[in-house]
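Undergrad: Attaching a single structure in structure tokens format; questions to follow.
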Amino acid sequence: MKRILPFLFALILLASCDRVSHDEGLVRIALSSEPPTLDIMINPSLSGRLMLLRNVYERLFEIDESGEMDMVLSESVEFGEDKRSLSIKLREDVYFHDGSKMDEEDVVLSLNRWLDKYKTASDYVHGARFYSIGDYSVEIDSEGSLALFPYFMASSSQSAVIMSRESIENENLGLVVDIVGTGPFKLESYSKGEKAVLTRNMSYYGTNDEILGISDSQDDIVSRLEYYFVPEALTRRIGLESGAYDAIGDVMSYDVAAFEDNENIALLGEEETGSIALVFNKRSSLGSNSLFRKAVSLSLDFDALMKSCYGESGYVVDSNYMDSTEPLFRLSGDSIYSERDLERAKSLIKESGYNGESFRILTSNLSNMDKIAVYMKSALQEVGVESEIIMLDWAGMLEARKDESLWDIYISAFTSVPLPSMKSYLMEDFPGWIDRNDAERVEEVLNSDSLEEASLKWSEVQRALWESLPVIVPGHYTTVYALDSSLDGVEMIDGMPDFRSSHYKK
Amino acid sequence: MRLRGGIIILGLILAFSFAFSFLEVGIDLSRSLSGASLTSPLGFDDLGRNYLVLLARGTLTSLFFSFISVSISFFLGTLLSLFLSLLKRGYELALSILDSVRMLPVTVVAIFLSSFFLLGELRIVISLVVVFTPMFTRISFLKLSEIRNREYILFLSKSRVSRSRVFFCHVVPHLWLSIRGAYGVYLSTSILLESTLSYLGLGLREERPSLGSIMANAKDYMLYRPSLLIYPTLIMLLISLSLYLISSSLGEFDSSLKRPLKGKLVNIAKFSSNRKARGES
Amino acid sequence: MGCPISGLLIIKSEAIVYNPLMKRVLIRLLSVFITLFVLSLMVFLMIEGSLGDSSSLLLSEDAGEREIELYSQMRESGPFFVRYLSFLASFFSFDLGYSANGLLIAPMILSALRITLFISFSSVLISLVISLLWSLFASVRDGFSYRALEAFSIFISSLPSFVISLFLILVFSLKLRWFPTSGYVRIGDSFLGFLGSLFLPILVLALMHMSLMLRVFRSSFRSNLGSSYSLVLRSEGAKGVRLSFLTSFRESIPLIASLSADSLASSFSGSAVVESIFALPGVGSLLVSASLSRDFRLTGSILMVVAFLSSIFYLLSEFVAFLSDPRERRAR
């Protein structure tokens, strides 16, 4: 008995030495959440796009910071007269991961499916749909201008990716389950609740040769991505530090400081990836009272509010609805709208006719947003407003939000979008139920022939909305990733790490 | 001796929690995660709240909700067991139904209940009651069967003494004596269960901190400020210790009774009464 | 059929029904079925009554009313009773259908079960061995080893599982680097890696089982030492641990069986927290994520499977208890 124990111990020790070495070009990434579905055309959650967008699935083109269109699956994109039609010529050398060739049929099916599932885009094109004109070309005609349509196609959260027609036909319960795309990686396996494994697509039409050429050097190119779903922040951090993971997402601000001191770990990600919005219920008695709304805004210290959720770092106080990644839609001078004035708040509350009723704050416990609610309650107490926090899990909150009799304000995070009209809380029938006038003004922004024109229109709308306060935007957040510092060539695109050119330094 | 020690510890915890809970918690982000100060000897949490006051309130809340839930379960459980014992044949069926209720994981019950927004804090009480009532019923039923077959009870019921008198003056006190140990154990179990639910985000609401939610929050800062986790852990340890001392000295709670010796024990009781009926030993 | 054969059948079946053991078994099986049936009804009601369906989670916030309606329609159709029956039927035919995001349920549950069952069985086994040995030693002494047992048991049972897990991760994974912090290595990929990745979760569960078992065994062994059987053995010269062992050996089998069944059954749902921290795709975490995402079919299927397995464990433990006690067998 006594002799067996040390042997067992040694055995177990040996087990731990069995770590995959970097020579195999493997990157293990720990994510904080798992997408509810891998169908990123329908579901806009960040975790799905992180894994599949640009890796497995691709869009026809991308638009970079300077507004230039970068072709991906298309060769050229042209507007017709009046910009009421769009004509796209596709690449002819693209193959799907299942070996079939991408042709105009696949593109038409994919894009029309995208439009079917994405109401805002479909409304923008007045219900039009793509059609093929043969010879690897597709077109769409609309009653109105399509000037801003490329932004929908290139950057919307519901991604306009190209899927093979078989995978669309094999939909199950309305969702695509055969994940077949055109990208530099293919989905090898998906184990729900555990991980998704992507491996290099060796017949990628893109710059694979250049990438593979790096193997002539000493470095090892990355050929396998394993995305793990690890909801516990501590486990992710310890995993990175102990070498179980090579990259982790959603680094907490207090871990950032520790990682900065660690030379084996590099930090990525300084772009704003979204904003927090406190959306008033314009159909409830308190939420529809504009004086009350103003009072609420004046009673909050936006810096403290953001800090309660994000900690020391990882956020910027800014009331612009759009993030810094869309500089054309940002105005300066927003700080007067984020001022805190308790005296004025108190008098506005009296003026508004508030009679002591409970101000109901709806939130979920996702990503510490419930702490914002706790802060708000205490801040509002200082100006004499009694509030009640309704905290639910995420799915429960989404459901509760639909019921206008249940809440007066809810707290949520909204990811970056290319155009202001894509912000859900600015849509008329979205919970919050923005005023018809305000909604129309926001829609009017889309009625522009260029981004510059839209930007001018938006600046007026933004100022008006800052006055009427349908929502309060206290600040924006950044998503930080931490990597093994020997992993080179990782690019951040749209706030998400891209591994296609990454390799391990020797 | 044990009993006294347990009561003293629990009493001290209750007293201190009660006393400190009246102070201001005070949310102030500027002193987030700061260390100990004169007014706040245990430091501040991430929202800048006075940790001592927070813990005091959390302790009271956890104890209060656990006490309510376990008491309700106790009451319902014993009632149910009394009802079951009146059934001559159907108790197996009834116990099977109870088993089904017991097999519902508490997380699923809690999520289901969260759909009813008006419930608020009742949600956690109901979830815990759903978990503990079947357990109490089972123990109570077993003990009840055993007690009713004790010789002097049988003697009493055959004599002129009225049934209700036998029941209330003799059976019930013995029942209480037998299962009060279980009460203590389940009380500490329920505090743990509540903390597990809080970890998964299904517990009490944020504004009413409980030990569980405080710990769930503290674990995020474990590498940065471990004291945030250590203090509530110590409190839980003390509570469990005191409850254990009290319950173990009050009655021998044998958890083999937690489950399926039911058939066996009932049959042993029957067996011994059969033997008596046949005039043996 | 000829009369003699049917006569034989009648006689045989009577023999079966009136055989006390069979009668016992049949009654237990019947109650298991009833339990499962009632559970399925409760689960189904709960799911139907729950607010929120997975459409909110799966579809984007921008999905139009029409889209959401179509989506909901794809799921439930027909009156309540029909839906319930189809739910039951699917369970019996092992075709559990698809989860809300279009994936097959059965393979998901199977692979999750593999992990959870392995962890559960291992942890119960380890805790049984350690608890029995420790309790045996502690039963004959009243001093330090008993106090230590008690203290250890109280300590562990007053800590929530996530605290124990995190503490172990800190010590073993971060400081000592002996074990991986999380993740699950398939047994096919590497046996040692498989063991290594599951060691810490098994340890946590074993500790939690032990906290209960230690006390129960110790008190049982101790009280058995006062029995007349023990007296007889003592007069024959047995002493100390050997005495305790011989006394309690037979007695404790039903106890072991029932505690094991209890621990196994509770670890299905109790492992949710442990699995979440160690990022293991087991049944517990699958159940929690399924119910949090309001995935009715998946939640219901998991609950039914877990209940079914728990019932089997309990049934087996009762069977063992019955078999091992000659008084039982003679009772009828």
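The values are calculated or read from the model by the stated rules, or taken from the named source; none is laboratory data. A quick note: this is a predicted structure, and the numbers were derived from the prediction, not measured. Glycine gets a Cβ as well: all are built from the backbone with ideal geometry, and neighbour counts include every protein chain shown. Surface accessibility is based on the protein's heavy atoms, side chains included, excluding ligands, DNA and RNA. Shrake-Rupley method; radii C 1.70, N 1.55, O 1.52, S 1.80 Å.
Undergrad: Let me know the charge dipole size of segment A:61-169 about its Cα centre in debye, to the nearest 20, where only the beta-carbon of Lys, Arg (+1) and Asp, Glu (-1) is charged.
TA: Dipole size: approximately 420 debye.
Undergrad: Leaving out ligands, DNA and RNA, and with a 1.4 Å probe, what % of the accessible surface on segment C:112-324 is carbon or sulfur?
TA: 72 percent
Undergrad: Using the charge dipole of segment C:112-324 (Lys, Arg: +1 at Cβ; Asp, Glu: -1 at Cβ; taken about the Cα centre), state which of C:238, C:123, C:195 has its Cα farthest towards the positive end.
TA: Comparing the listed Cα positions along the dipole, C:238 ranks first.
Undergrad: Further question: Roughly how large is the A-C contact in terms of buried accessible area, totalled over both chains, probe 1.4 Å, nearest 100 Å²?
TA: By this definition, chains A and C bury close to 4300 Å².
Undergrad: What do you get for trypsin sites (Lys or Arg not before Pro) in segment B:59-136 restricted to DSSP loop and a cutoff of at most 12 other Cβ within 10 Å of the site's Cβ?
TA: B:88, B:89
Undergrad: Starting from a Cα-only point model with no solvent, please compute log10 I(q)/I(0) by Debye for segment B:1-147 at q = 0.13, 0.19 1/Å.
TA: -0.80, -1.10
Undergrad: Probe radius 1.4 Å, ligands and nucleic acids left out: which of B:180, A:340 has the largest accessible area, and how do the rest follow?
TA: Descending order: A:340, B:180.
Undergrad: Now for a different question. List nothing, just return the count: lysine pairs in segment A:273-478, 8 or more apart or interchain, with Cα separation under 14 Å.
TA: Value for segment A:273-478: 5.
Undergrad: Would you mind giving the total buried accessible surface between chains C and B, with a 1.4 Å probe and ligands, DNA and RNA left out, rounded to the nearest 100 Å²?
TA: 4700 Å²
Undergrad: Okay, next question. For segment C:112-324, what class follows from the C-alpha gyration tensor (a ≥ b ≥ c being the square roots of its eigenvalues): rounded when a/c is under 1.5, otherwise prolate if a/b is larger than b/c, else oblate?
TA: Prolate is the answer for segment C:112-324, as a/c is 1.5 or above and a/b outweighs b/c.
Undergrad: Work out the charge dipole of the protein assembly as shown with +1 on the Cβ of Lys and Arg and -1 on the Cβ of Asp and Glu about the Cα centre, then indicate which of A:495, A:384, A:222 is farthest towards its positive end.
TA: So the residue we want is A:384.
Undergrad: Moving on. Note the buried accessible area between A and B here, summed over both chains, with a 1.4 Å probe, in Å² to the nearest 100.
TA: By this definition, chains A and B bury close to 2200 Å².
Undergrad: What figure in square angstrom, to the nearest 10, would you give for the accessible area of residue A:421 with a 1.4 Å probe?
TA: It works out to around 10 Å².
Undergrad: What dipole magnitude, in Debye to the nearest 20, does segment A:273-478 give about its Cα centre under +1 on Lys/Arg Cβ and -1 on Asp/Glu Cβ?
TA: The dipole magnitude comes to about 420 debye.
Undergrad: When the Kirkwood hydrodynamic radius is evaluated over all pairs of different C-alpha atoms of the protein assembly as shown, what value in angstrom, to one decimal, is obtained?
TA: Final number for the Kirkwood radius of the protein assembly as shown is 32.4 Å.
Undergrad: So, with +1 on the Cβ of K and R and -1 on the Cβ of D and E, and no other charges, what is the size of the charge dipole of segment B:1-84 about its Cα centre, to the nearest 20 debye?
TA: For segment B:1-84, the charge dipole is close to 320 debye.
Undergrad: Here is a follow-up. Taking 37 °C and 0.692 mPa s as the conditions, I'd like the Stokes-Einstein D for chain A in µm²/s, using the Kirkwood hydrodynamic radius from alpha carbon pairs.
TA: This corresponds to a translational diffusion coefficient of 133 µm²/s.
Undergrad: What average count of beta carbons from other chains do you get within 10 Å of the Cβ of residues in A:173-180?
TA: Average neighbour count from other chains, rounded to a whole number: 5.
Undergrad: On to the next question. For segment A:354-370, what does the Karplus curve 6.51 cos²θ - 1.76 cosθ + 1.60, with θ = phi - 60°, yield as ³J(HN,Hα) per residue in whole Hz, taken in order and with x for Gly and Pro?
TA: Per residue, the Karplus-derived 3J(HN,Hα) values read 5, 10, x, 5, 7, 8, 8, 9, 9, 8, 10, 8, 6, 6, 6, 5, 5 Hz.
Undergrad: Principal axes first, then extents: for the Cα atoms of segment A:206-345, list largest minus smallest coordinate on each axis, whole Å, largest first.
TA: Largest to smallest, the principal-axis extents are 67, 35, 29 Å.
Undergrad: Cα convex hull of segment A:127-275: how many Å³ per residue?
TA: With only Cα atoms used, segment A:127-275 gives 213 Å³ per residue.
Undergrad: Could I ask something else about it? How far, in nm, would the chain grow between residue A:335 and residue A:467 when pulled straight, counting 0.36 nm per residue and subtracting the alpha carbon separation?
TA: Here the answer is 46.2 nm.
Undergrad: Residues of segment C:159-177 losing 20 Å² or more of accessible surface, assembly versus chain alone, probe 1.4 Å, please list them.
TA: C:159, C:160, C:162, C:163, C:166, C:169, C:170, C:174, C:177
Undergrad: If ligands, DNA and RNA are left out, what is the accessible area of residue B:103 with a 1.4 Å probe, given in Å² to the nearest 10?
TA: For residue B:103, solvent-accessible area is about 40 Å².
Undergrad: Based on the Kirkwood radius over alpha-carbon pairs, what value in µm²/s does the Stokes-Einstein equation return for the translational diffusion coefficient of segment A:363-438 at 25 °C and 0.890 mPa s?
TA: 177 µm²/s
Undergrad: Looking only at chain A, where both bridge partners belong to it, what percent of the DSSP beta bridges are antiparallel (to the nearest 5)?
TA: 75 percent
Undergrad: Follow-up question, since we're still on this one. What are the extents of the Cα atoms of segment C:169-271 along their three principal axes, in Å, largest first?
TA: If we take the Cα atoms of segment C:169-271, the spans are 56, 28, 27 Å.
Undergrad: Kindly report, to the nearest 10 Å², the accessible surface of residue A:285 as traced by a 1.4 Å probe over protein heavy atoms only.
TA: That residue has around 80 Å² of solvent-accessible surface.
Undergrad: For segment A:61-169, count all C-alpha to C-alpha pairs, find those more than 26 Å apart, and express that count as a whole percent of the total.
TA: Across segment A:61-169, Cα pairs with separations above 26 Å total 11 percent.
Undergrad: Ignoring any ligand, DNA or RNA, what whole percent of the accessible area of chain A comes from carbon and sulfur when the probe is 1.4 angstrom?
TA: 48 percent
Undergrad: Let me ask you something else. From the gyration tensor of the Cα coordinates in segment A:409-506, what semi-axes in whole Å does the equivalent ellipsoid have, largest first, with each one equal to sqrt(5λ)?
TA: 36, 17, 11
Undergrad: Oh, and also: Would you calculate the separation in nanometres between label points at residue C:253 and residue A:447, each defined as 7 Å from the Cα along the Cα-to-beta-carbon direction?
TA: 8.7 nm
Undergrad: Assuming R0 = 30 Å, can you tell me the calculated FRET efficiency for the pair residue A:171 and residue C:82, based on Cβ-Cβ distance, to the nearest 0.05?
TA: 0.75
Undergrad: Same structure again: Could you state the accessible area per residue of the protein assembly as shown in Å², with a 1.4 Å probe and every protein chain left in place?
TA: Here the residues of the protein assembly as shown average 41 Å² of exposed surface.
Undergrad: What residues in segment A:111-140 lose 30 Å² or more of accessible surface when the other protein chains are added to their chain alone (1.4 Å probe)?
TA: Going by heavy-atom accessible area, the residues of segment A:111-140 that drop by at least 30 Å² are A:117, A:119.
Undergrad: Could you point to the residue in B:105, A:485, C:282 farthest towards the positive end of the protein assembly as shown's charge dipole, with +1 and -1 charges on the Cβ of Lys/Arg and Asp/Glu respectively?
TA: Most positive-ward Cα: B:105.
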